[in-house]
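Structure first, commentary second.
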Amino acid sequence: MYFCRPFVKAISFKHKDNNQNITIIVDTLSYKTVSANKSTVKKNWVLVDAQDQVLGRLSSIVAVLLRGKHKPDFTPHVDCGDYVIVINADKVRLTGNKADQKYYIHHTGYPGGQRKTPYSRLKVRKPEAVIEKAVKGMLPKNRLGSEMFRNLNVYTGSEHPHEAQNPKPVNFSSIK
């Protein structure tokens, strides 16, 4: 059987002033992992162009950006994601027959109150909601997920009111 134990290393050297031999024992497992918190997180503004992108793949990338999983200091219980701006939401596409077969289901709360909205109708009425619903389903289902979802801004055209924040365009191949 193999038991893991801390690696202890002894470092010996001679003090330059009084010629004493000094030995320091170093425990290499004593290093602490730094956890991000609200004051140490640096949030950036990023711009995602949804034109001719597949809805599911786009939504998963946006969810990763909102959660902050692409950052080296990711901490699961902290909102360390970026502010995300999605433009051209009306030009997103679906693969296969999903454009004809996909329904969004909600319940009014009354008996027999289940309602279905086809994808084609929702895309005509409110194209931003298609991306918002897909991304919201990929975020945590708690208060932290709701807080992360507030950092998402979706617009139908190529114009957005966040030019002052200087958002950086996202390269899809750089995020895995």
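Nothing in this text is a laboratory measurement; each read-out follows from the coordinates by a stated rule. Since this is a predicted model, take the numbers as computed values, not measurements. Using ideal geometry, Cβ is built from the backbone for each residue, glycine included, and neighbour counts are taken over all protein chains shown.
Worth pointing out:
- Tabulated pairs, the range 83-109, first over 13 Å from residue 134 (Cβ atoms) and in contact (Cβ under 8 Å) with a residue 40 or more places away in the chain, second of a type in the set (Lys, Arg) and not in a strand (DSSP E or B), C-beta under 8 angstrom, 6+ apart or interchain: 83/43; 90/123
- The range 133-148, subset in contact (Cβ under 8 Å) with a residue 60 or more places away in the chain and either crowded, with 16+ Cβ neighbours inside 10 Å or more than 18 Å from the chain's Cα centre (by Cα) (or both), residue nearest to residue 44 (Cα to Cα): 148
- Matching residues, the range 105-132, being charged (D, E, K, R) and either assigned to a loop (DSSP other than H, G, I, E, B) or loosely packed, with under 15 Cβ neighbours inside 10 Å (or both): 115, 116, 121, 125, 126
- One residue stands out in the range 32-50 among those that are loosely packed, with under 14 Cβ neighbours inside 10 Å and among the charged types (D, E, K, R): the one that is nearest to the chain's Cα centre (by Cα), namely 43.
- Total residues in the range 34-91, condition assigned to a loop (DSSP other than H, G, I, E, B) and among the hydroxyl-bearing types (Ser, Thr, Tyr): 4
- Of the residues 53, 101, the single one that is surrounded by fewer than 14 Cβ atoms within 10 Å (Cβ to Cβ) and polar (S, T, N, Q) is 101.
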